[in-house]
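Comments concern the structure below.
Read the figures in this text as sums done on the coordinates, not as results from a lab. As the structure is a computational prediction, the values presented were derived from the model and not from experiment. We place every Cβ from the backbone using ideal geometry, glycine too, and count neighbours over all the protein chains shown.
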Amino acid sequence: MRVSLPAKLNTGFAWVLLVLLIAPALVAIPVSLTPKTFLSFPTDELSLQYYRELFSSPEWLSSFAQSTVIGAVSTLLATTIGTLCAIGLWRVSSPAGEVVRSVLLLPLVVPPIIAAMAFSRLFVPLGLIDSYTGLILAHTVLSAPLVLITVSASLAGFDARLEQASRNLGASNWVTLRRVIVPGIRPGILAGAVFAFISSWDEIVVTLFLSKFSVYTLPRRMWNGIRENTDPTVAAAAVVLMAITLLAFAIWALAARRTRPAA
Amino acid sequence: MTSPSGSLHLMSLSKRYGSFTAVDNVSLHIEKGEFLTLLGPSGSGKTTLLMMIAGFQDISQGDILLGGVSIAQTPAEKRNFGMVFQGYALFPHMSVHDNIAYPLSVRRRPKAEIDARVAEMLDLVRLNGFAKRLPKELSGGQQQRVALARALCFAPPVLLLDEPLGALDKKLRVEVQAQLKEIHRRVGTTFVYVTHDQEEALSMSDRIVIMQNGRIEQVGTPADLYQHPKTAFAASFLGKSNFLHRDGAVFALRPEKIDLSPEGQGIGANKASGVVLSVTYFGAVLKYQVAVPGIDPIEVDVDAWRAGQVLPEGARVDLTWADSAAVRLSDHSL
């Protein structure tokens, strides 16, 4: 089949864009394999010493653990809150509800630095600075809107008669939610959870404002690593971070394919 | 588990949306075990009325009694009414077995009882062997039967059906109509059936309620409504009718109650002469359009096998009918 010139240009442009978007991230891979003691491209030989360093340093391992705990707990909270919000707004479906929805989506629109200042001002008197609770709360607020969006998209394609059928057959609201609605919108919930985890996993701006000594997430350690010395361990950490992010996406993509609703 | 009474009283029910009245002061008594059909064009309020009975629409005014007890304030999940939805609304992630078992499992019945009851239901709708399938693996007709089994599984006193055959093709519909009628006879549940299809209404119902603009136009048995329509709307929505003006009144005259003969040969209490406009062969019947001076063309159905000769277009004919054939309507003009 012949492809027209504009179509070819379009394809070419898409590839250039893709490379521009991905290349900077991929740079971390060769840099992480350098044998030298500073951030640089490897020239003669490759070395895994910084991966060894990454996985044997108590500081780095502790940061991994902290990011994982904060990410997991805030994902759980954000997914629960975001899903319930989306279902509530779907049920009400009124103009007033749409106003509430825009307010709930605000954390996505507000620049992170503003959000960071707001959290910091709020958390100081509450004693939540430099605590797991504080960071988990902040990350939950930032990622719940992502869940709201993906779950709302799933609900848009959900047959409201299924809910009526469930209630007609004698199921309470709670049972209907658990047995009919949630299974019906599972792909949206799963996507929201993946996005929420990723957003917490690599969040830096708010984290910088809210943590001092005791909480030290992975992005924060990388930030310090780059600022204070040019330790190539940062590049190795970046590669691991990307790998885990990709893994989360892969899990979601596979799960979404399996639970794709019937045509 | 069965409620002792399945009789429904609708008392002056109304449903308003702002200034629009979807259901307008409807009163109706539905007997226990009856097959009652709400028949009307779209926008006649029949589905809204059904949704009010189901508990999915609040009532603006009036009351609903089940066995003499008001259920107007009872939420849908506590009304214990079975319902077959338009498009069936089967749970797509559950097997046929789990769909049918759903009303029993939410009532926390023991597993053995559920399994026995589901098997009984599969038998009733002739779907044995399909228990493990997902809804998407079934044909439209099979899905319809699963929806029916699910709605009847908990032995509800009343079954509500919202255009359940709408998605099926014509041949399958006739088959399913017979099955539905048979199932109704076997379970003895009160059926309230919504449709816009007059053939479905005529072939299955004990009584038909003809609705228009949110109001009840006429209620009666199929034969009663067909033989004695009270309004022009009833006469033309259920079957076909010719309308005649006589002595300041309007009469409905069914096409099959008119005899057609060559000019000069017609004998009957009532007679009109005209010219054949068209004749169409339908196998069982010949449909004539006859132009009669001064009134609208008259439609006449003649049994094809009785008709000695087909009278061609342009032939002059006599139309005759018995006094009892023309039914006087309450309308004064059309």
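From other protein chains only, count the Cβ atoms within 10 Å of every residue's Cβ in B:76-86, then give the mean.
Averaged over the peptide's residues, the number is 4.
Can you give the Kirkwood hydrodynamic radius for the protein assembly as shown, in Å, rounded to one decimal and based on Cα pairs?
When all Cα pairs of the protein assembly as shown are included, the Kirkwood radius is 30.3 Å.
How far is helix B:170-187 tilted, in degrees, relative to the longest principal axis of the Cα atoms in chain B, given as a value from 0 to 90 rounded to the nearest 10?
60
Sketch the reach of a paramagnetic label on B:Asp331 as a point 7 Å from Cα along Cα-to-Cβ, and name the residues of the stretch B:192-233 whose backbone nitrogen lies under 14 Å away.
B:212-213, B:217-218, B:229-233
Would you please state the base-10 log of I(q)/I(0) at q = 0.13, 0.21 1/Å for the stretch A:1-86, with intensities from the Debye formula using one equal scatterer on every alpha carbon?
Taking Cα atoms of the stretch A:1-86 as identical point scatterers yields -0.80, -0.99.
When averaged across all projection directions, what area in nm² does the alpha-carbon convex hull of the stretch B:8-232 cover? Mind dumping the intermediate values first?
Numbers: hull surface 51.0 nm².
Taking a quarter of the hull surface, the average projection is 12.8 nm².
Given an 8 Å cut-off on Cα distances and at least 6 residues of separation, report the relative contact order of chain B as a percent.
Relative contact order for chain B comes out at 18 percent.
Please identify every one of the trypsin sites (Lys or Arg not before Pro) in the stretch B:239-334 that sits in a loop by DSSP and has no more than 16 other beta carbons within 10 Å of its own beta carbon.
Values: sites: B:Lys240, B:Arg246, B:Lys257, B:Lys271, B:Lys287, B:Arg306, B:Arg316, B:Arg328; in loops: B:Lys240, B:Arg306.
Those satisfying the criteria are B:Lys240, B:Arg306.
Could you pull out the chymotrypsin sites (Phe, Trp or Tyr not before Pro) across the stretch B:238-334 that fall in loop regions by DSSP (anything but H, G, I, E, B) with no more than 13 other Cβ atoms inside 10 Å?
Answer in residue order: B:Phe282, B:Trp305.
Between the stretch B:202-261 and the stretch B:82-152, what is the separation of their alpha carbon centroids in Å?
Cα centroid of the stretch B:202-261 versus Cα centroid of the stretch B:82-152: 39 Å apart.
What does the structure give for B:87-96 when I average, per residue, the other chain Cβ atoms found within 10 Å of the residue Cβ? Walk me through the numbers before you get to the answer.
On the way: counts 2, 2, 11, 4, 9, 7, 9, 3, 0, 0.
Mean number of neighbouring Cβ atoms from other chains: 5.
With a 10 Å Cβ neighbour count serving as the proxy for reagent exposure, in which order, fewest first, do B:Met83, A:Met117 appear?
Ascending number of Cβ neighbours within 10 Å: A:Met117, B:Met83.
Could you list log10 I(q)/I(0) for the stretch A:81-155 at q = 0.20 Å⁻¹, which the Debye formula gives when each Cα is one point scatterer?
With one equal scatterer per Cα and no solvent, log10 I(q)/I(0) is -0.86.
With r defined as the distance between the Cβ atoms of B:Lys271 and A:Arg91 and R0 fixed at 51 Å, what FRET efficiency is calculated, to the nearest 0.05?
Numbers: r = 66 Å, r/R0 = 1.28.
Efficiency, from the Cβ-Cβ distance: 0.20.
For helix B:111-124, what angle does its Cα long axis make with the longest principal axis of chain B, in degrees from 0 to 90 and rounded to 10?
Roughly 20 degrees between the two axes.
For the stretch B:49-136, what is the largest minus smallest coordinate of the Cα atoms on each principal axis, given in angstrom and ordered from greatest to least?
Result for the stretch B:49-136: principal-axis Cα extents of 47, 28, 21 Å.
Take every Cα-Cα distance within the stretch B:150-201, group them into 10 Å bins from 0 onward, and report for each bin the whole-number percent of pairs it holds.
Final binned percentages: 22, 57, 20, 0.
From largest to smallest, what semi-axes in whole angstrom does the stretch B:242-328 give when each is the square root of 5 times an eigenvalue of its alpha carbon gyration tensor? Display every interim value, and only then the final one.
Values: eigenvalues 84, 37, 30 Å².
Ellipsoid half-lengths, sorted descending, are 20, 14, 12 Å.
What are the extents of the Cα atoms of the stretch A:49-258 along their three principal axes, in Å, largest first?
64, 41, 24
Please state, to two decimals, what the Cα-based radius of gyration of the stretch B:180-334 comes to when divided by 2.2 N^0.38 Å (N = residues).
That ratio works out to 1.19.
How many percent of the alpha carbon pairs in the stretch A:158-202 exceed a separation of 11 Å?
Above the 11 Å cut-off, the stretch A:158-202 has 67 percent of its Cα pairs.
Could you go through the stretch A:39-53 in sequence order and give the Karplus-derived ³J(HN,Hα) for each residue, using 6.51 cos²θ - 1.76 cosθ + 1.60 with θ = phi - 60°, rounded to whole Hz, and x for Gly and Pro?
Values, residue by residue: 5, 7, 7, x, 9, 8, 9, 9, 9, 9, 4, 7, 5, 4, 4 Hz.
Which longest run of chain B has no exposed loop site in it, a site being GluC sites (Glu not before Pro) in a DSSP loop with at most 13 other beta carbons within 10 Å, and the site itself not part of the run?
Counting at most 13 other Cβ atoms within 10 Å as exposed, the longest clean stretch of chain B is B:32-262.
Roughly what angle does helix A:58-92 make with the longest principal axis of chain A, taking Cα atoms, 0 to 90 degrees, to the nearest 10?
20
When the Karplus curve 6.51 cos²θ - 1.76 cosθ + 1.60 is applied with θ = phi - 60°, which whole-Hz ³J(HN,Hα) does each residue of the stretch A:174-186 get, with x for Gly and Pro?
5, 5, 4, 4, 6, 9, 10, 6, 4, x, x, 10, 3
Run the simple label-point estimate for A:Arg121 and A:Ala255 please: 7 Å along Cα→C-beta, distance reported in nm.
Using points 7 Å along Cα→Cβ, the separation is 3.7 nm.
Counting other C-beta atoms within 10 Å, and keeping those with at most 12, which DSSP coil trypsin sites (Lys or Arg not before Pro) do you find in the stretch A:142-238?
A:Lys212
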